[in-house]
1. Taking θ as phi - 60°, what are the ³J(HN,Hα) couplings along segment 160-168 by the Karplus curve (6.51, -1.76, 1.60), each to the nearest whole Hz, with x for Gly and Pro?
2. State the label only: which of (i) 1.08; (ii) 1.00; (iii) 1.22 corresponds to Cα Rg over 2.2 N^0.38 Å computed from the shown model?
3. Could you state the angle between the C-alpha long axis of helix 133-144 and the longest principal axis of the C-alpha atoms of the chain, as a value from 0 to 90 degrees rounded to the nearest 10?
Amino acid sequence: MPPAIAQLVKYTLLILGALFPIVNPIGGAPLFLTMTRGISGQGRATLSRMIALNGLVLILSSLFVGTYILAFFGLSLPVVQVSGGLVLVAEGWNLLRREDDNEDAKPTDKLCNEVNYRKQAFYPLTLPLTVGPGTISVAIALGANRPEGAQWSWPVITGMVIGSFAVALAIYLSYRSAERLEQWLGDTAMNVFNRLSSFILLCIGVQILWNGVKALLRTVR
């Protein structure tokens, strides 16, 4: 295999392997379904596409310009982790305490409805629930740790872009199929799945928060 192709494959798999488990679009599908109860199937399809595109932009921005943005504002990765962890903890706690879905509830009582669902596509459905602080911090670290002299190497850049597109495609397919997952699992199993997913989201937020706090404490010492 030519060295350029080998490097392209390496960076594609690196991005996919590092970011896919953190984004976890399959595990996020039940949460997406819970938070979009007030809209139609067509609306969910539109939202799935918007979230995937938003996620792709966030990942690519973090990979290629994330370090420069942090430096411009004088921020560090631990600060991003602490702030993002707090947001995830809040969202996870709210979802965990959310009452069971009631089909008789008015659409305006839901987070999303046919009027406002596009406004929710970026926050909170993309950031922090899909591409959250953990994904952003890892993507920034991956972008900052490119080998010396490889910043503008086409295999490195192409591999990172292909890996990011693969993650975004997984987000779209998982969220687009969320309704089928609900039909297959049934209401009771889906409610259990939602509670577990909310608890895991809360735990992820606490872990990201703690990672940031530990890094900041090391700088104090």
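No lab work stands behind these numbers, since they all come straight from the coordinates. Everything quoted here is computed from the prediction, not taken from an experiment.
1. Each residue's phi maps through the Karplus curve to give 5, 5, 5, x, 5, 4, 5, 5, 5 Hz.
2. Checked against the structure: label (i).
3. It is inclined by approximately 20 degrees.
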